[in-house]
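Right, one structure below, let's go through it.
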Amino acid sequence: MNIVEVRNLTKRYPRADNKRETFEAVAGISLSIAQGEIFGLLGPNGAGKTTTLEMIEGLTDIDGGEVLIAGLDVQKEPYKVKQQIGVQLQANEYLDKLSLHELLSLFTALYGRNTPPETLLGKVNLLDKAQARPNRLSGGQKQRFSIACALVNEPKVLFLDEPTTGLDPQAKRNLWDLVQELNAGGMTIVLTTHNMEEAEFLCDRLAIMDHGKVIAAGTPEQLIHQYARDVPPVPRHGNLEDVFLHLTGSALRE
Ligand code: ADP
């Protein structure tokens, strides 16, 4: 079963150079994400990844097309959809007067759930930081805490927007382990990343976006086989970075 169905999704924004005209930041994209997949959305800055995610999550209005999550239409049943999903945003700011334990108690209460904060902290390996304030956490710990917050409502689908950007290799590796553990428990994960190694390591399938469109989709193996240039005959054929550069024609833009 496809837990996320995106059909012909479109978003128009005013042009930066002429506000009276609009352009399609997301230009009619379709995606099907199966239950239990780790699905990656790749593309250069400005490709439309965040806008796409935000429309799927119900955080940004949809101009055209539709999104179904667990069979629910995001535009018609936004509150029911919000019960099915967890969202980790790129940058999170928390009330720094509260401890991780207190913040999770607060979010759990707001969602009308009763998962103990210890359970959530245990899942993201932060039990020993229960009494710490968020501003005392390292970059990797902050990311894991924001995932704990996204798990408060026991989501079926977890959305992660660039979860490892700025993390050191060890923290990145810890986060990959966490994503795999959550996925092994049956959770569908949708993530954006600029890190091709991450996409290849974590994702069952990928869609590569550029200029608001999906320009290629498939498993990492399929994409590498189809698009990577300068391929040695055996055993591997280039890597996902080759696919990315071949398709978007540009180096990674930070
Ligand atoms: P990505 O996540 O792939 O970097 P975004 O979805 O953030 O891309 O942006 C896609 C395009 O839409 C970019 O050209 C960006 O400048 C533009 N855009 C994003 N949000 C807004 C907004 N709120 N108003 C106007 N333009 C926007």
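Odds and ends about this structure:
- Kirkwood hydrodynamic radius of segment 50-185, Cα pairs, Å: 15.6
- Gain in span if fully extended, THR10 to ASN239, counting 0.36 nm per residue against the direct Cα distance: 79.4 nm
- Dipole magnitude for segment 1-112: computed about the Cα centre from +1 point charges on Lys and Arg Cβ and -1 point charges on Asp and Glu Cβ, it is near 180 debye.
- Taking label positions 7 Å along the Cα-Cβ direction at both SER32 and ASP61, the computed distance is 3.1 nm, reported to one decimal.
- The chain: relative contact order as a whole-number percent, Cα under 8 Å and 6+ apart: 24
- Plainly put, the chain has a radius of gyration that is 0.98 times its Kirkwood radius, both from alpha-carbon atoms, as the Rg/Rh ratio.
- For the chain, a crude dipole built from +1 on the beta carbon of Lys and Arg and -1 on the beta carbon of Asp and Glu, taken about the Cα centre, is about 460 debye to the nearest 20.
- If the segment from ARG20 to ARG113 were pulled out straight at 0.36 nm per residue, it would be longer than the present Cα-Cα gap by 29.0 nm.
- Dividing the helix sum by the residues of the chain, where each DSSP H run of 4 or more adds -39500 (n - 2.57), gives a mean residue ellipticity at 222 nm of -10000 deg cm²/dmol.
- Choice from GLU24, GLU93, GLU154 with maximal GNM fluctuation in the chain (Cα, 10 Å cutoff): GLU93
- Projecting the Cα atoms of ALA216, LEU126, MET1 onto the dipole axis of the chain, where Lys and Arg carry +1 and Asp and Glu carry -1 at the beta carbon, places LEU126 farthest toward the positive end.
- Most mobile listed residue (PHE107, PHE159, PHE145) in the chain, GNM with C-alpha springs under 10 Å: PHE107
Only the coordinates and a few stated rules stand behind these numbers; no lab work does. Not measured: the values here are computed from a predicted model. All Cβ positions, glycine included, derive from the backbone under ideal geometry; neighbour counts span all protein chains shown.
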